[in-house]
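Q: What follows is a single structure, and I will ask about it in a moment.
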Amino acid sequence: MSGKRIWNKAILLVAASMMIVSILTACRGGAEAPVTPQAKTMDDVAKGRVGVLLGTVYDTYLQKNYPNAQVLQYKNYPDLILAVQSEKVDSGFINCQAFKELQKENPFLVTLVTDVFTNPVGVGFNQENDALREEFNAFLAGIKSDGVYDDWYQRWIKNGNYAMPVIENPKNNGKLVVGIVSDKGYPFTVLENNKLVGSDIEIIERFGAYLKKEVVFSDMEFGGLIAAVSTNKVEMIVSTIMITDERKKQVDFSDPYFELSACVMGAKKESETARKEAPSFFQGVADSFYNNIIAENRYLLIVDGIKTTGVISVFAILFGTLLGALICFMRMSRQWLAQGVAKIYISVIRGIPVLVLLMLIFYVVFARVDVNPVVAAILAFGVNFAAYVSEMFRASIESIDKGQTEAGIAGGFTKAQTFIYIVMPQAIRRVLPVYKGELITLVKMTSIVGYIAVQDLTKASDIIRSRTFDAFFPLIMTAVLYFCISWLLLWLLDMAEQKTALKRSASKTNG
Amino acid sequence: MMIHKTQSDSDVTLALTGRLDSVTQSELTQELEKVFEAKINLLTLDLSALEYLSSAGLRVFLSARKKVTQMGGKMKIVGANEAISEILQITGYADITVMAKRGKR
Amino acid sequence: MITVEHLSKKFGNFSVLKDINAEIKKGEVISIIGPSGTGKSTFLRCLNLLEQPSGGHIVIDGEDILKKGVNVPKLRQKMGMVFQSFNLYEHLTVMGNVTLGPIKLRGQGKKEAEEKAAELLRMVGLSEKADSYPDELSGGQKQRVAIARCLAMEPEIILFDEPTSALDPTMISEVLAVIRRLAKNGMTMAIVTHEMDFARDVSTRVFYMDEGFIYEEGSPKDIFESPQKEKTRAFIQRLRILKHEIGSQHFDLYKLNADIEAFCAKHTIDKSIVGNILLIAEETLVNMLLPLKKEGQIISLALEYAEKRGEFQMVLGYPGEVYNPMLDEGGDNLALMIVKKKTKNIQHSYSNGINQLLISM
């Protein structure tokens, strides 16, 4: 098959998938939700299914005060809103400030209970880093006394004015690494036109300017923040983190910089919603496409995500294959030590979920080393890949008839030559089908790197969803793109195979 | 060996099944002694189910023929298979008995 | 060219080769024959060190190859080997199989190697299969490719390990024809084979191996026509032997019959022949020998089946005075007549107080 035809095929494929995405997106308005009575008090709320964000105080609050409540945990706001909208939960329990913002984008959301409780919000520091914490408290006291803080509070929290002010910073005093969550949502942290903005971002930038340090943002999952700061991966964490006793055990907090109150939201019943005229099918597709890809140059996010996912996949495959070959060689060696090490490696690595392995490598193995999370991800996936492919290699090598090895040895080849010229070419051909399957698994597995603050394709789609609150289009687009990456890698592998392999089919048809 | 006897008046037929060798010949000898208690006109030995015959059996046949002839009767052998006929011929039996070909069982 | 001294090989505690001494000279064609499991293949595989011998010496052109520091792969390049199961390289074409060694090991250019390979393939009659893969060939064709692959390395000797044992009968001759041609051209060869006619025609010398030794060796004429040792004779004529002894006066005819019938069933002997054997055994034993047997004497009966010729021989041994029952015209003679009718030839001999009656059927 020529390269050009491949590309035509690929484009067609993507186009067809986009069509399916659009159809699904356009049709979803049709499903009617059944009418159920709406809760008005916290006690009513606790009788139904409540959605919260994973690892937040709302989760803890419910468990403490309503132990019998059915609580479902979500990773981010878009997922939670989607759950409320699709009635996977009866209500969502979040902070009132974020809710106000979400309501602008999602008019079907209604307030059920307001100001359930309030909680101070602070910045987290490593417990051994008192100096930085003291500096922050001094900085906070400063802006509170000179009116900067009031201005900040008025703009972001009260008025909902989201323009970032210009902050002078000479940046001549090194760097300040700050852990944030880029899809936290308005007014706290969002990615707007591929730039971070929000109340938290302004606080950080102002603190950076106060220290004359350049701020470096490390974007991660909310659940990963505390681990990151307590292992010194970042110097401080700022993501509207509520100060709780539990968290205080892990990190030290600054003085609170404002109070957050808790609200319960629900979805408007169908009868209450004045349904908008459904846009035409093509208009729907065009809108989705524009919102998720064109607006604010979001395609740049996607392109970066694809690049990261691609880089991690390709290097993890290369590293994993080489390591797998080494492990396979050790496993087949007659030396008991090498064999034992290989056996233990294979069974241990295969017994650990790859997410745990990834976190172990990043937060434990490299705890004291400043390592690029992409490199850690490549190592983790490579190590995992090696454990699986080494056994595949071994099985395929052992499946080659011993007689051929014997013929090679008897013909005057050394053991190594026999392996290279006779066994390996056949073993490679036999292992390819399963190897390809494992390769696809690896590409898909990389979608968890968001846990160690790597912005890959999945994370890019999460960020877009956090801004557009359109769950379907970005998700299905991500699915299609993963498929395309896998497909492209397999195609490259096929090309490499055809380059090196036999003109077997030719001789078959001729003979 | 199994011997099946049928009699009408003084005509006796003995049908032999299995092996007639130096071990089993005594069974036939005893059976014949019983048969010769009365006068016999025609003694027929049906060998169509006989599988094996050795010289011990031949000797029994010989003495039986002698006895029947003394009584003024006749003896004939019928249905012998190829291998057994060959043995009968070796000893010249084929000349002195009436061979009647019979179909196999 | 190759001298083997006191070669032994053990697998664990099991001695396969015990004490092999042999010499192979340039231009000789040695056939190694013998029953299965007597170490023929192991002996061959020791010669090129596919099996590491447990003891002894293998001297090739004056050098003991079991010493340390010998370049074994280099040595093997001069000793081709053809296997029972062909062992072609499955991923290479016929041409690739033949040229891999010369290109990688002898430094020949691709063109040079392919020209030479084409010539060898013509020699084994497979010119038009040069671009085929092994799985497209019949067994006989595969084995001819394997021979060409050996020849491409220009070996000084070729070891054949049962080259036709895995072949359909229809394909054996095409492989043997190629080996015959090599023999005619003066190639030195050692062949482990079960093809007796072929071994007789093609070899200059035959080793008969049994019990881990070279039990008897000699020219094909010596080994095949007048083997000196009992086991060799039994193997060459492919004798199958049933032995029976009669000690007590109460002889169990039916036990003997059952043994003979089982023995014949094992070698799928025709029913009418089985009947004759039973008859001869009964007549000779019951009517001729048992009546003379005294208490404590033992009569032995051996039934030998020469598989190759499909012939039976019965050997009866009995002690006492010189006595040949075949000359005894006493009694009714019925038994004697039956035995004479059913046999080809009967010989009587007497030695050390034992009469022997050799009855050929």
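The values are calculated or read from the model by the stated rules, or taken from the named source; none is laboratory data. Predicted model only: the values in this text are computed from it and were never measured. Here the Cβ positions follow ideal geometry from the backbone for every residue, glycine too, while neighbour counts run over all protein chains shown. Only protein heavy atoms, including side chains, enter the accessible area calculation; ligands, DNA and RNA are left aside. Shrake-Rupley method; radii C 1.70, N 1.55, O 1.52, S 1.80 Å.
Q: With (1) part of a helix (DSSP H, G or I); (2) more than 10 Å from every other protein chain (Cβ to nearest Cβ) as the list, and C:Leu75 as the residue in question, which single condition is left unmet?
A: (2)
Q: Further question on the same structure: Give all pairs with beta carbons closer than 6 Å in which a residue from the range C:115-133 that is more than 10 Å from C:Ala148 (Cα to Cα) meets a residue that is modelled with pLDDT of 90 or more and open to solvent by less than 60 Å² (accessible area, probe 1.4 Å); count only pairs at least 6 apart in sequence or on separate chains.
A: Correct list of pairs: C:Ser127/C:Leu121; C:Lys129/C:Val94; C:Ala130/C:Val94; C:Ala130/C:Met95; C:Ala130/C:Leu121; C:Asp131/C:Thr93; C:Ser132/C:Val94; C:Tyr133/C:Thr93.
Q: In addition: Determine whether A:Tyr345 is more than 24 Å from A:Tyr435 (Cβ to Cβ), assigned to a helix (DSSP H, G or I) and out of contact with any Leu (no Cβ under 8 Å at 6 or more places or on another chain). Walk me through how you get there before you give the answer.
A: Numbers: more than 24 Å from A:Tyr435 (Cβ to Cβ): no; assigned to a helix (DSSP H, G or I): yes; out of contact with any Leu (no Cβ under 8 Å at 6 or more places or on another chain): yes.
No: the conditions fail for A:Tyr345.
Q: Check A:Ile352 against each of (1) open to solvent by 20 Å² or more (accessible area, probe 1.4 Å); (2) assigned to a helix (DSSP H, G or I); (3) free of Cβ contacts under 8 Å to residues at least 40 places away in the same chain and name the one condition it does not meet.
A: Failed condition: (2).
Q: Return a yes/no flag: does the range C:290-297 have any residue that is under 27 Å from C:Arg240 (Cα atoms) and within 13 Å of chain B (Cβ to nearest Cβ).
A: We begin by selecting, within the range C:290-297, every residue under 27 Å from C:Arg240 (Cα atoms); these are C:290, C:297.
Narrowing further to those that are within 13 Å of chain B (Cβ to nearest Cβ): C:290.
Within the range C:290-297, one or more residues are under 27 Å from C:Arg240 (Cα atoms) and within 13 Å of chain B (Cβ to nearest Cβ).
Okay, residues lined up against (1) open to solvent by less than 50 Å² (accessible area, probe 1.4 Å); (2) small (Gly, Ala, Ser); (3) away from chain C (no Cβ under 14 Å); (4) touching a residue at least 40 places away in the same chain (Cβ under 8 Å):
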position	(1), (2), (3), (4)
A:Val383	yes, no, yes, yes
A:Ala386	yes, yes, yes, yes
A:Phe393	yes, no, yes, yes
A:Asp401	no, no, no, no
A:Ala407	yes, yes, no, no
A:Ile420	no, no, no, no
A:Gln426	yes, no, no, no
A:Leu439	yes, no, yes, yes
A:Leu442	yes, no, yes, yes
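Q: In the range B:20-41, which residue that is open to solvent by 50 Å² or more (accessible area, probe 1.4 Å) and among the hydrophobic types (A, V, I, L, M, F, W, C) is farthest from B:Met71 (Cα to Cα)?
A: Looking at the filtered set, the residue picked out is B:Val23.
Q: Of these, A:Thr118, A:Thr111, which one is at pLDDT 85 or above, of a type in the set (S, T, N, Q) and in contact with an Asp or Glu (Cβ under 7 Å, 6 or more places away or on another chain)?
A: Details: A:Thr111 fails: in contact with an Asp or Glu (Cβ under 7 Å, 6 or more places away or on another chain).
Answer to the selection: A:Thr118.
Q: Just the residues that are closer than 17 Å to C:Leu167 by Cβ and either open to solvent by 60 Å² or more (accessible area, probe 1.4 Å) or within 14 Å of another protein chain (Cβ to nearest Cβ) (or both), please, taken from the range C:100-128. Explain how you work it out, then say what you get.
A: Narrowing the range C:100-128 to residues closer than 17 Å to C:Leu167 by Cβ: C:124-126.
Answer for the range C:100-128, where residues must be closer than 17 Å to C:Leu167 by Cβ and either open to solvent by 60 Å² or more (accessible area, probe 1.4 Å) or within 14 Å of another protein chain (Cβ to nearest Cβ) (or both): just C:Leu126.
Q: Just give me the residues in the range C:192-221 being crowded, with 21+ Cβ neighbours inside 10 Å and among the polar types (S, T, N, Q), in sequence order.
A: Result: C:Thr193, C:Ser203.
Q: May I pose another question? Those residues that are among the hydroxyl-bearing types (Ser, Thr, Tyr) and away from chain B (no Cβ under 14 Å), I need them from the range C:226-260; list them, please. Lay out the reasoning, then the answer.
A: Here is the first cut: in the range C:226-260, the residues among the hydroxyl-bearing types (Ser, Thr, Tyr) are C:226, C:232, C:248, C:254.
Hits for the range C:226-260 are C:Ser226, C:Thr232, C:Ser248.
Q: With the requirement that a residue be assigned to a loop (DSSP other than H, G, I, E, B), within 14 Å of chain A (Cβ to nearest Cβ), under 18 Å from C:Ile157 (Cβ atoms) and open to solvent by 20 Å² or more (accessible area, probe 1.4 Å), what does the range C:36-69 give you?
A: First pass over the range C:36-69, keeping only residues assigned to a loop (DSSP other than H, G, I, E, B): C:36-39, C:48-54, C:61-62, C:65-69.
Imposing the further condition that a residue be within 14 Å of chain A (Cβ to nearest Cβ) reduces the set to C:48-52, C:65.
Still in the running and under 18 Å from C:Ile157 (Cβ atoms): C:48-51, C:65.
Matches in the range C:36-69: C:Leu50, C:Glu51.
Q: All but one of (1) within 14 Å of chain B (Cβ to nearest Cβ); (2) more than 20 Å from C:Pro325 (Cβ to Cβ) hold for C:Glu282; state the number of the condition that does not hold.
A: With respect to (1) within 14 Å of chain B (Cβ to nearest Cβ); (2) more than 20 Å from C:Pro325 (Cβ to Cβ), C:Glu282 is out only on (2).
Q: Now for a separate question. If C:Ser85 meets every condition in (1) open to solvent by less than 30 Å² (accessible area, probe 1.4 Å); (2) at the interface with another protein chain (Cβ under 7 Å from one of its Cβ atoms); (3) among the small types (Gly, Ala, Ser) apart from one, which number is that one?
A: All conditions pass for C:Ser85, except number (1).
Q: Testing C:Lys184 on (1) free of Cβ contacts under 8 Å to residues at least 24 places away in the same chain; (2) under 20 Å from C:Leu316 (Cα atoms), one condition comes back false. Which one is that?
A: (2)
Q: A follow-up question, please. Condition (residue is open to solvent by less than 60 Å² (accessible area, probe 1.4 Å), within 30 Å of A:Met359 (Cα to Cα) and in contact with a Leu (Cβ under 9 Å, 6 or more places away or on another chain)) applied to the range A:449-456: is it met by at least one residue? Break it down stepwise before answering.
A: To start, the set of residues in the range A:449-456 that are open to solvent by less than 60 Å² (accessible area, probe 1.4 Å) comprises A:449-450, A:452-454, A:456.
Among the residues that remain, those that are also within 30 Å of A:Met359 (Cα to Cα) are: A:449-450, A:452-454, A:456.
With the extra rule that they be in contact with a Leu (Cβ under 9 Å, 6 or more places away or on another chain), the set shrinks to A:449, A:452.
Scanning the range A:449-456 turns up at least one residue that is open to solvent by less than 60 Å² (accessible area, probe 1.4 Å), within 30 Å of A:Met359 (Cα to Cα) and in contact with a Leu (Cβ under 9 Å, 6 or more places away or on another chain).
Q: Right, next: Against the definition (in contact (Cβ under 8 Å) with a residue 24 or more places away in the chain, touching a strand residue (DSSP E or B) at 6+ places or on another chain (Cβ under 7 Å) and either over 23 Å from A:Lys459 (Cα atoms) or not in a strand (DSSP E or B) (or both)), how does A:Ile237 come out, yes or no?
A: Numbers: in contact (Cβ under 8 Å) with a residue 24 or more places away in the chain: yes; touching a strand residue (DSSP E or B) at 6+ places or on another chain (Cβ under 7 Å): yes; either over 23 Å from A:Lys459 (Cα atoms) or not in a strand (DSSP E or B) (or both): no.
No.
Q: Which one of B:Thr24, B:Thr44, B:Thr6, B:Thr17 is more than 18 Å from B:Ile90 (Cα to Cα) and touching a His at 6+ places or on another chain (Cβ under 8 Å)? Let's see the steps before the verdict.
A: Values: B:Thr24 fails: touching a His at 6+ places or on another chain (Cβ under 8 Å); B:Thr44 fails: touching a His at 6+ places or on another chain (Cβ under 8 Å); B:Thr6 fails: touching a His at 6+ places or on another chain (Cβ under 8 Å).
None of the other options fit; the residue is B:Thr17.
Q: Kindly evaluate B:Gln70 against the criterion of being more than 17 Å from B:Asp11 (Cα to Cα), open to solvent by 60 Å² or more (accessible area, probe 1.4 Å) and more than 14 Å from chain C (Cβ to nearest Cβ). Working first, answer last.
A: Details: more than 17 Å from B:Asp11 (Cα to Cα): no; open to solvent by 60 Å² or more (accessible area, probe 1.4 Å): yes; more than 14 Å from chain C (Cβ to nearest Cβ): yes.
When the stated conditions are applied, B:Gln70 does not pass them.
Q: Ok, one more. What are the residues in the range A:199-234 that are more than 14 Å from A:Phe136 (Cα to Cα), in contact (Cβ under 8 Å) with a residue 60 or more places away in the chain and of a type in the set (Val, Ile, Thr), if any?
A: Within the range A:199-234, A:Ile226, A:Val229, A:Thr231 qualify.
Q: Quick one: in the range A:83-108, of everything that is of a type in the set (D, E, K, R) and either within 21 Å of A:Ser199 (Cβ to Cβ) or in contact with a Lys or Arg (Cβ under 8 Å, 6 or more places away or on another chain) (or both), which residue is modelled with the highest pLDDT?
A: Filtering the range A:83-108 for residues of a type in the set (D, E, K, R) gives A:87-88, A:90, A:100-101, A:104-105.
This time we only want the ones that are either within 21 Å of A:Ser199 (Cβ to Cβ) or in contact with a Lys or Arg (Cβ under 8 Å, 6 or more places away or on another chain) (or both), so: A:88, A:90, A:100-101, A:104-105.
Values: A:Lys88: 81, A:Asp90: 86, A:Lys100: 81, A:Glu101: 79, A:Lys104: 79, A:Glu105: 76.
If we take residues in the range A:83-108 being of a type in the set (D, E, K, R) and either within 21 Å of A:Ser199 (Cβ to Cβ) or in contact with a Lys or Arg (Cβ under 8 Å, 6 or more places away or on another chain) (or both), then A:Asp90 is modelled with the highest pLDDT.
Q: Scan the range C:317-334 and give yes if some residue there is more than 14 Å from chain B (Cβ to nearest Cβ) and within 15 Å of C:Ile241 (Cβ to Cβ), otherwise no.
A: Checking the range C:317-334: at least one residue is more than 14 Å from chain B (Cβ to nearest Cβ) and within 15 Å of C:Ile241 (Cβ to Cβ).
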